[in-house]
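Down below is the structure, laid out as structure tokens.
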Amino acid sequence: MSDVLASLLDNDGKIKRWPKKPEERAAVLVYLAGKFEKGKDYTEKDVNAIIGGLHAFNDITMLRRELITAKLMNRTPDCKRYWIEPEAQ
């Protein structure tokens with residue numbers, strides 16, 4: 001774990017706050033994306049449940065949106081299916 005990320009997590013591994021610095025935001029988003037199985041389909045409810053247990057500032061919607069905006073997670077236009085692309089072989 002990077003020093004940047006370590007400073008943003010509490011003792012339980014939850015994100016303490018949404019960072020202002022771009023490099024800190026990137027570290028948080030990569031951390032969140034790493035909690036999902038690549039190539040597996042998730043519902044919005046599934047995504048919310050995973051993200052919800054990983055932060056202490058209660059903004060699941062913002063974190064989900066940030067994962068999509070950063071292109072670390074994909075979703076269908078109707079938001080019924082979310083996934084992280086499997087890595088290229």
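Data for the structure
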| item | result |
| --- | --- |
| Rg followed by Dmax, in Å, when the stretch 20-89 is reduced to its Cα trace | 11.7, 37 |
| Phi to ³J(HN,Hα) by Karplus 6.51 cos²θ - 1.76 cosθ + 1.60 over the stretch 63-79, Hz, x for Gly, Pro | 5, 4, 4, 5, 4, 5, 4, 6, 6, 8, 9, 10, 8, 6, x, 8, 6 |
| DSSP-assigned coil residues among GluC sites (Glu not before Pro) in the chain, each with at most 16 further Cβ atoms within 10 Å | Glu37, Glu87 |
| Cβ-Cβ FRET estimate between Thr69 and Lys38, R0 fixed at 25 Å, reported to 0.05 | 0.85 |
| Under the Karplus curve 6.51 cos²θ - 1.76 cosθ + 1.60, θ = phi - 60°, whole-Hz ³J(HN,Hα) for the stretch 31-44, x wherever Gly or Pro sits | 4, 5, 4, x, 8, 10, 7, 5, x, 8, 7, 10, 7, 4 |
| Surface share of carbon and sulfur [accessible, 1.4 angstrom probe, percent] for the chain | 49 |
| Karplus 3J(HN,Hα) series, Hz, for the stretch 21-29 with 6.51 cos²θ - 1.76 cosθ + 1.60 (x for Gly, Pro) | 6, x, 5, 6, 4, 4, 4, 5, 5 |
| Accessible area of the stretch 1-80 divided out per residue, in Å², using a probe of 1.4 angstrom | 62 |
| Filter on Lys45/Lys80; Lys14/Lys80; Lys40/Lys71 - keep pairs with C-alpha separation over 20 Å | Lys14/Lys80 |
| Value at 222 nm in deg cm²/dmol, rounded to 500, when DSSP H runs of n ≥ 4 in the chain each add -39,500 (n - 2.57) | -11000 deg cm²/dmol |
| Cβ-Cβ FRET estimate between Glu23 and Ala49, R0 fixed at 25 Å, reported to 0.05 | 0.35 |
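The values are calculated or read from the model by the stated rules, or taken from the named source; none is laboratory data. Values in this document were obtained by computation on a predicted structure and should not be read as measured data. Don't worry about glycine lacking a Cβ; one is built from the backbone with ideal geometry, like all the others, and counts go over all protein chains shown. Quick note on the areas: whole protein, heavy atoms, side chains included, nothing else; ligands and nucleic acids left out. Shrake-Rupley method; radii C 1.70, N 1.55, O 1.52, S 1.80 Å.
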